[in-house]
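*Asks:* I have a structure here, written as structure tokens, and I will follow up with some questions on it.
The values are calculated or read from the model by the stated rules, or taken from the named source; none is laboratory data. Just so it is clear, the structure is predicted and the values come from calculations on it, not from any experiment. So basically every Cβ, Gly included, is an ideal-geometry build from the backbone, and we count neighbours across all protein chains shown. SASA here: full protein model, heavy atoms, side chains in, ligands and nucleic acids out. Shrake-Rupley method; radii C 1.70, N 1.55, O 1.52, S 1.80 Å.
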Amino acid sequence: MAVTGILLLGFVFVHMLGNLKVYLGPDAANHLAEYGEFLRHVGGPVIPAYGALWIARLVLLAAVVFHIWAAYSLTRMAQAARPARYEYKEKNHTTY
């Protein structure tokens with residue numbers, strides 16, 4: 001769960017950095033199209049256009065699925081470790 005959480009948090013951080021380019025001024029905002037083009041063609045001639053983008057999408061999708069599975073699995077393990085519920089003691093409320 002920690003590994004998938006780090007992957008998802010890393011995506012959020014990198015995505016935030018990309019979106020913060022809007023606040024660098026009008027010149028930087030004009031270069032957002034170049035940033036998008038860079039993301040579409042990252043990997044150069046080794047990886048075809050949109051290839052790295054699709055790999056990143058599939059990795060993120062797998063990370064979400066495994067993160068949910070890990071949360072479910074950890075919850076079931078925690079429930080199995082203590083089959084009896086905690087004892088709850090009702091409080092006695094008094095008045096003056």
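*Asks:* Does the stretch 28-40 include one or more residues that are of a type outside the set (S, T, N, Q) and not in a helix (DSSP H, G or I)?
*Replies:* yes
*Asks:* Moving on to the next point. Inspect all residues belonging to the stretch 70-79 and state whether any of them is without any contact (Cβ under 8 Å) to a residue 40 or more places away in the chain and either aromatic (F, W, Y) or surrounded by 11 or more Cβ atoms within 10 Å (Cβ to Cβ) (or both).
*Replies:* Checked the stretch 70-79: at least one residue is without any contact (Cβ under 8 Å) to a residue 40 or more places away in the chain and either aromatic (F, W, Y) or surrounded by 11 or more Cβ atoms within 10 Å (Cβ to Cβ) (or both).
*Asks:* Would you mind stating whether F11 is open to solvent by 70 Å² or more (accessible area, probe 1.4 Å) and without any contact (Cβ under 8 Å) to a residue 60 or more places away in the chain?
*Replies:* yes
*Asks:* While we're looking at this one, here's another question. Do we have A28 as open to solvent by less than 60 Å² (accessible area, probe 1.4 Å) and of a type in the set (A, V, I, L, M) here?
*Replies:* On the way: open to solvent by less than 60 Å² (accessible area, probe 1.4 Å): yes; of a type in the set (A, V, I, L, M): yes.
Yes: the conditions hold for A28.
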